[in-house]
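Here's the structure, in structure tokens; my notes come after.
Every read-out reported here was derived from the displayed coordinates using simple, explicitly stated rules and does not represent laboratory data. Everything quoted here is computed from the prediction, not taken from an experiment. Neighbour counts are summed over all protein chains in view; Cβ atoms, including those assigned to glycine, are modelled from backbone coordinates with ideal geometry.
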Amino acid sequence: MVNYWKSKVLPKIKKVFENPKKAAALEACKAFDESKEQYSKECEEKKTDLEPKVTEIYQASSTEIKALIKEPTDAAVKKHSAAVQKFLDELAKIDFPGSKSVSETATKVGPAYVSGPVLFVFEKVSTFIPAPVEEEKKEEEAAPPPAEAESCAEEVKEKEVAVEAAAVEEKVEDAPPAAADPPKP
């Protein structure tokens, strides 16, 4: 009786509760894992050709995608699945290694189910993004150029001198008149 239940009934129950998307995503993840090394090699070989294209796509993408590429997490992939799918489609158009298969699978089952391959592609994309350029831009925006900083410092000093001079004048006006020196005989 137990053998019959394990062989006939239990598989039917599993089929009822099994999600076909999960099964398809699992197969796609396995296939992708087998070809990760190939995609890494292709990225290194095509780096000079892909870098300007990837940078252009990255700069045109939303802030959610930019944050996700800098710090990839499963939760963020699930939260921004529509933006992730759009970004993967753009990468597939430029033949970014691995993005075409991930994009097709994500279209079928959703990016949340194939988050492992999506994160791998995003990690490869992050190697194409010139990080120092972005940091320099932020620093330039935050700090004024040196010439402006010097002129600002000079203006502050001039204002301090003017305030001190005004304070001295007020003290002179408030002070009683000094007694005149008696004339010498």
For labels at residue 45 and residue 31 in the simple 7 Å Cα→Cβ model, what's the distance in nm? 2.1
Got a sec? Which residues in segment 82-112 would a label at residue 38 touch, if it sits 7 Å along Cα→Cβ and we count backbone N under 17 Å? 95-105
Could you tell me the calculated FRET efficiency between residue 127 and residue 21, based on Cβ-Cβ distance and R0 = 25 angstrom, to the nearest 0.05? 0.25
If you place +1 on the Cβ of every Lys and Arg, -1 on the Cβ of every Asp and Glu, and leave all else neutral, what size is the dipole of segment 1-137 about its Cα centre, to the nearest 20 Debye? 1180
